[in-house]
Every structure is written in C-alpha cells, then in structure tokens.
Amino acid sequence: PDPFYFQCKKFLVIHALLPYCQQHGEDYLIRLSAAQTKEQWRAAFRTAISFIPQKPHLSNSDIAARVRSTIDRQYSNPMLDLRMISDELSFSQSYLSRLFKEAYGLGISQYINQVRIEQAKHLIIHSQDNIKVIAMKVGFAGDAQFIRAFKRCENITPGNFRTTFFSAPHPSGIGKNEK
C-alpha cells in the first residue's frame with residue numbers, strides 16, 4: 001500500500017474524530033497518528049471511536065418535539081428552514097418532514113410561517129414598529145414576502161390587520177383608545 005495514501009487517510013480520520021474525543025480519547029488519537037501498521041491502526045482506531053458519545057435513542061415524538069422547539073426558539077432567523085433544522089439535529093430532511101407531519105398535522109415550513117405570523121400579530125398589536133421592521137424581527141427576508149404570507153394565513157394584510165384591530169373595540173380593553 002502507498003504510504004502517502006495511508007498518511008492522508010490517518011489525517012482525515014483523526015480530524016474527523018477530534019471534536020468527539022475529549023480527555024482520554026485524545027491520547028488514542030495520538031496513538032492513531034503514530035500507527036505504522038494496519039494492525040496498530042485498527043487497534044488505535046477502535047479505541048478512539050469508543051470515546052465518541054453515542055446519540056441517545058429518541059422516539060419519533062421526541063424528535064418532532066425537538067424540531068418544534070428549534071422552530072419556536074429560532075423563528076426570527078431568516079435562514080431557518082428544513083435544511084438548517086436537519087443539519088442542526090443530524091437527521092435527514094425527509095425523515096424530519098415525515099415525523100413532524102405525523103406528529104402535528106402540518107409541514108415544517110407551514111409551522112415556521114405560522115409561528116412567525118403569530119409573533120408578527122403580537123408585534124403589530126403591541127408595538128409601533130412599521131410592517132417592514134416587524135417582518136425582519138419575525139424572520140422574513142423582506143416585507144413583500146411577509147405581507148404575502150400574512151395575507152395567506154389571515155386573509156388580510158398586516159397593515160389592514162393593525163387598522164382593523166385598533167379601530168374595533170376589544171373585550172381586552174386594547175383597541176381604539178389604545179392607539
């Protein structure tokens with residue numbers, strides 16, 4: 001076997017394992033880098049990977065709940081999407097989509113928009129921010145995208161929602177006089 005290939009392979013494996021091996025595991029990575037034969041390599045490799053923490057087994061509902069929690073926590077990030085959640089949780093996009101839909105009855109993108117719209121409604125009612133600022137605060141890339149999504153969910157534009165909310169009396173006491 002080519003010694004250069006063997007050294008490159010060792011380098012790649014060591015750097016892939018490094019984030020997972022802490023304390024004692026690092027000693028075995030040093031042994032792995034010093035291995036000269038396949039037998040030494042295999043023995044050091046087996047020991048080094050034994051220090052990689054195992055992912056706890058999660059039920060489907062636990063995984064769906066983690067997706068929901070991620071969305072609830074990061075809805076204001078305009079980069080939040082299925083790909084980002086998949087990368088963060090280390091599950092495939094199709095698997096997460098299926099589990100989420102089974103658990104909650106709607107798609108991940110729909111839920112992201114639903115959370116963003118609910119947060120936007122709160123800001124429309126309780127802040128003086130203009131629609132563009134609110135759109136950015138809740139994670140939309142722009143106000144046009146936000147207005148379309150809001151109208152699709154609420155059958156009214158955000159501006160009309162604000163006007164209607166403040167012109168109609170509300171049992172909560174917020175309304176016409178609070179503007």
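Computed from the coordinates by the stated procedures, all read-outs in this text should not be read as laboratory data. All figures in this text were calculated on a predicted structure; none of them were measured in a lab. Neighbour counts run over all protein chains shown; Cβ positions are idealised from the backbone, glycine included.
Annotations
- Centroid-to-centroid separation of the range 129-164 and the range 75-107 [C-alpha atoms, Å]: 23 Å
- The local environment of residue 61, defined by Cβ-Cβ distances under 11 Å, has a net charge of 0 under the rule Lys, Arg +1 and Asp, Glu -1.
- Per the Kirkwood formula applied to alpha carbons, the range 122-171 shows a radius of gyration over Rh ratio, Rg over Rh, of 0.97.
- Relative contact order (percent, whole number), the range 40-157, Cα cutoff 8 Å, 6+ residue spacing: 24 percent
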